[in-house]
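The values are calculated or read from the model by the stated rules, or taken from the named source; none is laboratory data. The structure displayed is predicted, hence computed values, not measured ones. Please note: Cβ atoms are built from the backbone with ideal geometry, for glycine as well, and neighbour counts cover all protein chains shown.
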Amino acid sequence: MSEVHMNRMTWQEYQERVTAFKAPVFLPVGALEQHGPHLPLGTDALLATAIAVGAAAVLDGIVAPALSYGYKSLLCRSP
């Protein structure tokens with residue numbers, strides 16, 4: 001299986017995949033937010049990335065680094 005993570009490719013590998021092979025590029029997006037004490041803040045982006053990696057493996061695609069967004073809620077405020 002070829003590499004699917006964009007940030008692990010050289011620019012030449014990336015260029016060949018998107019120009020010669022027309023590889024689809026997946027952009028995982030997920031909130032950066034609290035999920036309680038048992039999960040990391042980046043859970044949503046981690047899950048989106050895992051799904052994108054699975055799809056990219058099947059479709060010979062490329063996975064861009066996750067785009068995380070969020071807002072500091074009242075649960076994360078400092079004392």
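Answer yes or no as to whether LEU41 is part of a helix (DSSP H, G or I) and either at pLDDT 85 or above or surrounded by 12 or more Cβ atoms within 10 Å (Cβ to Cβ) (or both).
Criteria not met by LEU41.
Here GLN12 meets the list (1) of a type outside the set (Lys, Arg); (2) modelled with pLDDT of 90 or more; (3) surrounded by 11 or more Cβ atoms within 10 Å (Cβ to Cβ); (4) more than 18 Å from the chain's Cα centre (by Cα) almost entirely, failing just condition (3).
Residue under question is LEU74, and the condition is that it be loosely packed, with under 14 Cβ neighbours inside 10 Å and modelled with pLDDT under 95; does it hold? Answer is yes for this residue.
Would you mention how many residues in the stretch 1-59 are more than 19 Å from TYR69 (Cβ to Cβ) and hydroxyl-bearing (Ser, Thr, Tyr)? Within the stretch 1-59, residues that are more than 19 Å from TYR69 (Cβ to Cβ) and hydroxyl-bearing (Ser, Thr, Tyr) number 4. Residue pairs whose Cβ atoms lie under 7 Å apart, separated by 6 or more positions or on different chains, with the first residue in the stretch 51-68 and free of Cβ contacts under 8 Å to residues at least 40 places away in the same chain and over 7 Å from PHE26 (Cα atoms) and the second among the aromatic types (Phe, Trp, Tyr) and surrounded by 14 or more Cβ atoms within 10 Å (Cβ to Cβ), are ALA55/PHE26. Across the stretch 15-32, the qualifying residues are those that are farther than 16 Å from THR49 by Cβ and not hydrophobic (A, V, I, L, M, F, W, C), and the one among them that is surrounded by the most Cβ atoms within 10 Å (Cβ to Cβ) is ARG17.
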